[in-house]
Amino acid sequence: MGDKPKIDGVVFKVVPEDATRIAMIETGEAHVTDQVPVTEIDRIEASGTMDLYRTEGLAVEYLSFNVKKKPFDDVRVRKAVAHAIEVDSIIKGVYNDVGTRANSTMSPKVFGYDPDIKGYDYDINESKKLLTEAGVKDGLEFTLTTSDRKERINMAEVIQSQLKGIGIKVKIQVLEYGAYIDATAKGEHQVSIGGWGNATGDGDYNQFNLFNSKSQGAAGNSSFYSNPEVDKLIESARKESDGDKRKELYSKAQAIEREEVPYVPIRNYEHLAVYGGTVKGLWLNPANYLMLDNVTVK
């Protein structure tokens, strides 16, 4: 059965406003929140009544191309966009250095992650060269779809500004989260900003859902990407019991995905929680679940 918890119970309150949630922790009206605006980190760390918990997560944030829609059916266009995104400035400017630069759609904490897979260097000249090779002239326009989370909107605006540097005009479409999920599941988008967590810590959770042909649409593959070789590697890894062989299969899959660019990895998540000074024993696991079994409140 395990040990009994040290608290009598937990009350959950839905508080949509960022500033209100933080104020409730600061005044002692509430004890914990894991919905932490990155703009408030300095204030939290300077506070005498609040503490900040930070831990690496299993999720990755990315740009997703709908590879069935022109011009993103051409890998050269996808690569051109990838090389025109300055990821470090997004992590610093949008996320206040919360999280780290991603080189894959798998977090470094997920089994099967390959540290030798390289992200896309920021290289405007390479971007322009690729667009020329693809026959794309100045004036290309596309719509970038995002949910209505503040940081996602800010990221979209930064990407919009960066892509002006290669002559691409980006229109930002902001949708309520449910409408965003519906639109990307149906493939109505051209390009979207998304994220994928991991409930198991295993590479299959990322690879099968994001890249397998069977997962196109609502199951997670919002790029509608399909490659028979990648499908075979992912499905072979599902059946393989030897850990080293599974890692090798996932490395091969990630290398192909890196070349075909259905997604541009942006950020490995870092999870945050704010708690009052009376709270002890709190931690967040890498899947972003609040672990309350050893919590005490003075």
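Tabulated data for the structure shown
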{"quantity": "For the chain: relative contact order, % (alpha-carbon pairs under 8 angstrom, 6 or more apart)", "calculated": "32 percent"}
{"quantity": "Percentage relative contact order, the stretch 65-118, counting C-alpha pairs under 8 Å, at least six apart", "calculated": "17 percent"}
{"quantity": "Assigned charges on the beta-carbon of Lys, Arg, Asp, Glu; the stretch 57-269 dipole about Cα centre (debye)", "calculated": "340 debye"}
{"quantity": "Rounded to whole Hz, the Karplus (6.51, -1.76, 1.60) HN-Hα couplings of the stretch 255-271, x for glycine and proline", "calculated": "5, 5, 4, 5, 6, 9, 6, x, 9, 10, x, 10, 9, 7, 5, 10, 8"}
{"quantity": "Label point 7 Å beyond Cα of Ala19 along Cβ direction - residues of the stretch 171-190 with amide nitrogen under 20 Å", "calculated": "none"}
{"quantity": "Estimated vicinal HN-Hα couplings, Hz - the stretch 105-113 in sequence order (Karplus 6.51, -1.76, 1.60; Gly, Pro = x)", "calculated": "7, 10, 5, x, 8, 8, 4, x, 4"}
{"quantity": "Among 202-213, 144-155, the order from most to least packed when residues are scored by Cβ within 10 Å on average", "calculated": "202-213, 144-155"}
{"quantity": "Rel. contact order, % - alpha carbon contacts under 8 angstrom, at least six apart, the stretch 126-182", "calculated": "42 percent"}
{"quantity": "Theoretical ellipticity at 222 nm over the chain - DSSP helices of four or more residues, -39500 (n - 2.57) apiece, nearest 500", "calculated": "-10500 deg cm²/dmol"}
{"quantity": "Against the rule of thumb 2.2 N^0.38 Å, how large the Cα Rg of the stretch 1-122 comes out", "calculated": "1.46"}
{"quantity": "Estimated FRET transfer efficiency when R0 is 30 angstrom, pair Ala134-Val158 (beta carbons, to 0.05)", "calculated": "0.80"}
{"quantity": "Residues Trp283 and Glu240, FRET efficiency given R0 of 30 Å [Cβ-Cβ distance, rounded to 0.05]", "calculated": "0.35"}
{"quantity": "Estimated inter-spin distance, Ile256 and Lys186, nm [label 7 Å along Cα→Cβ]", "calculated": "3.1 nm"}
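Bear in mind these aren't lab numbers, they're just calculated from the coordinates by the rules spelled out. Note that the structure is predicted; figures quoted are calculated from it, not measured. As a convention, Cβ positions derive from the backbone with ideal geometry for all residues, glycine included, and neighbour counts pool all protein chains shown.
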